[in-house]
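Notes follow once the structure below has been shown.
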Amino acid sequence: MDATTCNGNGTCIGNTGICECFSGFTGDRCDIATCPGTPICSGKGTCAEGSVVCDCDDGSFRSDCSIGLH
């Protein structure tokens, strides 16, 4: 697979053509931007459909909600 298979937003797993997307991207070819975090918003917030911004739960902050009191 060539370097463009995952659009620079993920890693191709072997020669399978399957992408493992970096945080903040989804889709078969990692071509859809989404909220950051693994899981999305670090499991401490929500991501509205089509959004790229986490709505963090109370007490959590950072772009991926990874910092907080939880």
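The values are calculated or read from the model by the stated rules, or taken from the named source; none is laboratory data. From a predicted model like this one, the values you see are computed outputs, not experimental measurements. When we count neighbours, we look across all protein chains shown, and the Cβ atoms used for this are built from the backbone with ideal geometry, even at glycine. The area values use the complete protein model at the heavy-atom level, side chains included, leaving out ligands, DNA and RNA. Shrake-Rupley method; radii C 1.70, N 1.55, O 1.52, S 1.80 Å.
The table below lists the values:
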| item | result |
| --- | --- |
| Failed item in (1) surrounded by 18 or more Cβ atoms within 10 Å (Cβ to Cβ); (2) of a type in the set (G, A, S); (3) free of Cβ contacts under 8 Å to residues at least 24 places away in the same chain, with G27 passing the rest | (1) |
| Positions within the stretch 58-70 being out of contact with any helix residue (DSSP H, G or I) (no Cβ under 8 Å at 6 or more places or on another chain) and either more than 20 Å from G8 (Cβ to Cβ) or open to solvent by less than 80 Å² (accessible area, probe 1.4 Å) (or both), in sequence order | D58, G59, F61, R62, I67, G68, L69, H70 |
| Filter result (open to solvent by 60 Å² or more (accessible area, probe 1.4 Å) and either farther than 15 Å from G68 by Cβ or out of contact with any Lys or Arg (no Cβ under 9 Å at 6 or more places or on another chain) (or both)) within the stretch 30-57 | D31, I32, T38, P39, I40, T46, A48, E49, G50, V52, V53, D55 |
| Residues being more than 10 Å from the chain's Cα centre (by Cα) and not small (G, A, S) - total across the stretch 21-45 | 4 |
| Residue in the stretch 46-70 that is farthest from the chain's Cα centre (by Cα), counting only those that are part of a loop (DSSP other than H, G, I, E, B) and of a type in the set (G, A, S) | G59 |
